[in-house]
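Participant: Have a look at this one.
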Amino acid sequence: MSKKLFIETLGCAMNSRDSEHMIAQLREKEGYTTTDEFREADLILINTCSVRERPVHKLFSELGGFNKHKKKGAKIGVCGCTASHLGEEIIKRAPYVNFVLGARNVSKICEVLHLDKAVEIDINYDESEFAFDDFRSSSHKAFINISIGCDKSCTFCIVPKTRGDEISIPADLIIQEARRAAVNGAKEIFLLGQNVNNYGRRFSGDTEKINFSELLRRLSKIDEVERIRFTSPHPFHMDDEFIEEFGKNPKICKSMHMPLQSGSNTILKAMKRGYTKEWFINRVQKLRAECPEVSISTDIIVAFPGESDEDFADTIDVMKQVRFDQIFSFKYSPRPHTEAEHLTEVDSEISSDRLSYLQTLNNEIHDEINAALMGNTYRVYFEELIRDGYISGRSDNNIVIKVKGSEELLGVFKDVKVTAIGRTILTGEILA
Ligand code: 5AD
Ligand code: SF4
């Protein structure tokens, strides 16, 4: 009987892809199959995220639960960003943990598995040309890494300390992977990197250097690839070439994530984001001029240390001017090893008030944008079965729509007319 692997994945799409990479290695080289029940697993992995405050004690209490109820002899490994920043401390505090594997070291999963108490968290380790085996949790949508690490030094962000310096993956490897996935049914590919539009700045080997716009052009020449999505681009690197390619290339989905973080020039400077409020708005205008149907999403942090009422008003001003289609908003939380870690925090009541004000405004804007979609028709790519006999999918510009339907629609495109509006999902019917 094959050995069983239980894996819990937290955090971003990069982490999901890292989990797929680890599953691929463990299947191919160690004969594991996956299970959803940790009690029957021979190996329990928790792939952690530390970008915001998932309190460390929560990780340890969860580990305690796994240890108490696990099958006799089962191993436990802690992977991902929290593994990178806590390292050996994890084994000191939870001695039953068998190994710790950082976010930059997932290719070593089969090595650490056999070394008791191994701690592999080197952020200078280069995985950019590692030939991972193929495993995808979905056959109709493929996540593909195009770079690892991040070269920026945003003062609130732990990622450069957990994933290390940015290295781009050679374009020919990315193109081969995209072709393989598309031939196997993934009509949509999703390019991943901490900072995708900085692609091509540094490669580790002697490889042809191309930028992100050129990578998009080459990927769109693969016949079987019908849609290309990516995350996350950085507003600082949104040059005209990139925005024009985005607008005119029909395979690129017309949905752009533009993480604003703050609308105040003072705070943007303190965050070391590298752009101003004016630059951000100018890029939105250029984007909408090139591509009127684009939907724009963003990330906003409220109450970064030193944020005054005027600074917050600038963020609200950008929200009103841009009218984002979707906003992910967070209260600032100090992270270890970051430049902002020891700065004086904004009073917690003020930060809560700002977050709820922002979210209320966002809901109003969002509801107005959504209401205007009633009766429209979108080409939807179906990707997930949901409750009550519905299946959901996305339009090119990232509108999530559900229709009555089952498995046979997975990985299929259909024209869908919107018949009812909801806040997170619309309902529609397939046009014959
Ligand atoms: N506090 C709050 N939000 C943060 N993010 C990253 N670091 C922090 C932090 N210390 C948010 C940013 C980023 C998103 C992925 O998480 O908005 O874009
Ligand atoms: Fe963090 Fe900034 Fe890099 Fe994004 S660009 S991962 S926010 S350091």
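Participant: Kindly list, by first and then second residue, each pair from a residue in segment 375-400 that is closer than 20 Å to Glu293 by Cβ to a residue that is among the small types (Gly, Ala, Ser) and in a loop (DSSP other than H, G, I, E, B), limited to pairs with Cβ atoms under 8 Å and residues at least 6 apart or on different chains.
Facilitator: So the pair list comes out as Tyr381/Gly411.
Participant: Identify all residues within segment 223-264 that are among the aliphatic types (A, V, I, L, M) and under 17 Å from Gln285 (Cβ atoms); write none if there are none. Please lay out each step first, then the result.
Facilitator: Step one: list which residues in segment 223-264 are among the aliphatic types (A, V, I, L, M), which gives 225, 228, 238, 243, 252, 256, 258, 260.
Passing the criteria: Met238, Ile243, Met256, Met258, Leu260.
Participant: List the strands (runs of 3 or more DSSP E) that sit entirely inside segment 89-191 and contain at least 3 residues that are under 16 Å from Phe203 (Cβ atoms) and more than 16 Å from ligand 1 (Cβ to nearest atom).
Facilitator: Working: elements: 99-102, 118-120, 141-145.
Passing ranges: none, list empty.
Participant: Here's something else I'd like to know. Could you list, ordered by first residue, the pairs with Cβ atoms under 9 Å in which the first is in segment 200-224 and on the phi > 0 side of the Ramachandran plot and the second is part of a helix (DSSP H, G or I), at least 6 apart or interchain?
Facilitator: Cβ pairs passing all conditions: Gly200/Ala171; Gly200/Phe212; Gly200/Glu214; Gly200/Leu215.
Rundown of residues vs (1) among the β-branched types (Val, Ile, Thr); (2) within 23 Å of Gly164 (Cβ to Cβ); (3) within 16 Å of ligand 1 (Cβ to nearest atom); (4) assigned to a helix (DSSP H, G or I), yes/no style:
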site: Lys4; (1), (2), (3), (4): no, no, no, no
site: Asp18; (1), (2), (3), (4): no, yes, yes, yes
site: Met22; (1), (2), (3), (4): no, yes, no, yes
site: Gln25; (1), (2), (3), (4): no, yes, no, yes
site: Ser50; (1), (2), (3), (4): no, yes, yes, no
site: His57; (1), (2), (3), (4): no, no, no, yes
site: Leu63; (1), (2), (3), (4): no, no, no, yes
site: Lys71; (1), (2), (3), (4): no, no, no, no
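Participant: Of (1) touching a Cys at 6+ places or on another chain (Cβ under 7 Å); (2) under 25 Å from Tyr332 (Cβ atoms), Gln25 satisfies all except one. Which?
Facilitator: (2)
Participant: Further question on the same structure: Exactly one of (1) surrounded by 22 or more Cβ atoms within 10 Å (Cβ to Cβ); (2) within 30 Å of Ile90 (Cβ to Cβ); (3) within 16 Å of ligand 2 (Cβ to nearest atom) is unmet by Glu120. Its number?
Facilitator: So the condition that Glu120 fails would be (3).
Participant: Now, a different point. Of everything in segment 52-81 that's closer than 27 Å to Ser107 by Cβ and in contact (Cβ under 8 Å) with a residue 60 or more places away in the chain, which residue is surrounded by the fewest Cβ atoms within 10 Å (Cβ to Cβ)?
Facilitator: Taking the candidates together, the pick is Arg52.
Participant: Return yes or no: is Met319 part of a strand (DSSP E or B), away from ligand 1 (no atom under 11 Å from the Cβ) and at pLDDT 95 or above?
Facilitator: Values: part of a strand (DSSP E or B): no; away from ligand 1 (no atom under 11 Å from the Cβ): yes; at pLDDT 95 or above: yes.
Here the answer is no, as Met319 does not meet what is asked.
Participant: If I ask for residues that are part of a strand (DSSP E or B) and closer than 13 Å to Leu113 by Cβ, which ones from segment 27-48 would you list?
Facilitator: Applying the first criterion (part of a strand (DSSP E or B)) to segment 27-48 yields 32-34, 43-48.
Scanning segment 27-48 gives Tyr32, Leu43, Ile44, Leu45.
For (1) buried (at least 16 other Cβ atoms within 10 Å of the Cβ); (2) within 16 Å of ligand 2 (Cβ to nearest atom), each residue gets a yes or a no:
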site: Cys157; (1), (2): yes, yes
site: Ile169; (1), (2): yes, no
site: Leu173; (1), (2): yes, no
site: Asn195; (1), (2): yes, yes
site: Arg218; (1), (2): no, no
site: Glu241; (1), (2): no, no
site: Ile252; (1), (2): yes, no
site: Ser264; (1), (2): yes, no
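Participant: Select the strands (runs of 3 or more DSSP E) contained entirely in segment 322-395, then report the ones holding at least 1 residues which are on the phi < 0 side of the Ramachandran plot and within 16 Å of ligand 2 (Cβ to nearest atom).
Facilitator: On the way: elements: 326-331, 377-386, 390-395.
Correct list: 326-331.
Participant: From the list Glu188, Glu224, pick out the single residue that is buried (at least 21 other Cβ atoms within 10 Å of the Cβ), modelled with pLDDT of 95 or more and either under 30 Å from Lys414 (Cβ atoms) or of a type in the set (S, T, N, Q) (or both).
Facilitator: Details: Glu224 fails: buried (at least 21 other Cβ atoms within 10 Å of the Cβ).
Being buried (at least 21 other Cβ atoms within 10 Å of the Cβ), modelled with pLDDT of 95 or more and either under 30 Å from Lys414 (Cβ atoms) or of a type in the set (S, T, N, Q) (or both) holds for just one of Glu188, Glu224, which is Glu188.
Participant: For segment 359-387, how many residues are of a type in the set (Ser, Thr, Tyr), farther than 14 Å from Ile425 by Cβ and surrounded by 12 or more Cβ atoms within 10 Å (Cβ to Cβ)?
Facilitator: So in segment 359-387, the residues of a type in the set (Ser, Thr, Tyr) come out as 360, 377-378, 381.
After this cut, where a residue has to be farther than 14 Å from Ile425 by Cβ as well, the list is 360, 377, 381.
If we keep only those that are surrounded by 12 or more Cβ atoms within 10 Å (Cβ to Cβ) too, we end up with 377, 381.
Qualifying residue count for the region: 2.
The values are calculated or read from the model by the stated rules, or taken from the named source; none is laboratory data. Nothing here was measured: the structure is a model prediction, and the numbers come from that model. For neighbour counting, all protein chains shown are included, and Cβ atoms are generated from backbone atoms with ideal geometry for every residue, glycine included.
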